[in-house]
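First comes the structure, then the notes that go with it.
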Amino acid sequence: MSKKLRPGATHAFMPFKMFHLARVQPTLYSTTCTIGLDGGYCVTVDFQEEQCRELLEVLTSELAKQIKDAFAVPFTDVIDLQFPEPVEVAITARLGQPINNDGEEFIPFVATRVFRHKE
């Protein structure tokens, strides 16, 4: 991990371009995108229920409905909903704890607030 970024460090992504949203646990949602710092980094942002509700409020009603419908079923496995078009939102997030997934370690950001990105 970078010496500049430690667990709990905060960052604002404005804009954050979303291409999909996944429900990875019953009340945990996640998205990834590549941001263009120093050639590009893959960034994962996790959302708890409250931040997912904030996200739904800033999306079009049609996309919000698609997400609600896709995630309305009881959780049995990951559901990854690809968006028809990329969506730009603004996200403030804190750096979470390291996660090891299939031998790959990564550190997700955890959304603390989601709001409309103003150009």
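General remarks:
- Residues Tyr29, Tyr41, sorted so that the one with the fewest Cβ neighbours within 10 Å comes first: Tyr41, Tyr29
- If the segment from Lys68 to Glu49 were pulled out straight at 0.36 nm per residue, it would be longer than the present Cα-Cα gap by 5.6 nm.
- Tensor-based shape of segment 10-116 (alpha-carbon gyration tensor, a/c under 1.5 rounded, otherwise prolate or oblate): oblate
- Crossing angle, helix 61-70 versus the chain [Cα axis fit, 0-90 degrees, rounded to tens]: 90 degrees
- Between Thr32 and Gln97, the simple label model (points 7 Å from Cα in the Cβ direction) yields a spacing of 2.1 nm.
- Furthest towards positive pole of dipole, Ala12, Thr34, Pro86, structure part the chain, Cβ charges: Ala12
Since every read-out is calculated from the coordinates, none of them should be taken as a lab result. This structure is a prediction, so every number in the text was calculated from the model and none was measured. As a convention, Cβ positions derive from the backbone with ideal geometry for all residues, glycine included, and neighbour counts pool all protein chains shown.
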